[in-house]
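Inspection log for the structure reproduced underneath, given as structure tokens.
Readers should treat all values here as calculations from the given coordinates under stated rules, not as data from a laboratory. As the structure is a computational prediction, the values presented were derived from the model and not from experiment. Don't worry about glycine lacking a Cβ; one is built from the backbone with ideal geometry, like all the others, and counts go over all protein chains shown.
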Amino acid sequence: MSEVLTASPAVVNRLKRAQGQLSGVLRMIEDGRDVDQIVHQLKAVSSAIDRAGFAILVVQLREAVEDVGDDAEAHVVRLEKLFLSLA
């Protein structure tokens, strides 16, 4: 079952920054820049996209456990940290 995503402004901003970084990587390649610099920037783009994906998952997790009760917030915060530590 697929769900409709309501993207947070922070996630949208993160993805727009990644889009700009990727455009920069393309320019670097076209300009014949050093491979080390290109790979470093690709890593940054990849990390930004991964973190945006994890942030989206956290939003979905929060929505899923919203009705669990008062103790749910502590569990969500712990799981959020775990998700984001993987990025």
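What value, in deg cm²/dmol to 500, does the helix sum -39500 (n - 2.57) over DSSP H runs of n ≥ 4 give at 222 nm once divided by the residues of the chain? Provide the component values of the computation, followed by the final result.
Details: 3 runs with 67 residues, N = 87.
After summing the helix terms and dividing by residue count, I get -27000 deg cm²/dmol.
If you take the square roots of the eigenvalues of the alpha-carbon gyration tensor of segment 9-85 and sort them as a ≥ b ≥ c, do you get rounded (a/c under 1.5), prolate (a/b over b/c) or oblate? Prolate, since a/c reaches 1.5 and a/b exceeds b/c.
For a protection proxy built on the mean count of beta-carbon atoms within 10 angstrom, sort 48-56, 17-25, 31-39 highest first, please. Intermediate values should be presented prior to the final figure.
Details: 48-56: 17.6, 17-25: 15.3, 31-39: 10.7.
Top to bottom by mean Cβ count within 10 Å: 48-56, 17-25, 31-39.
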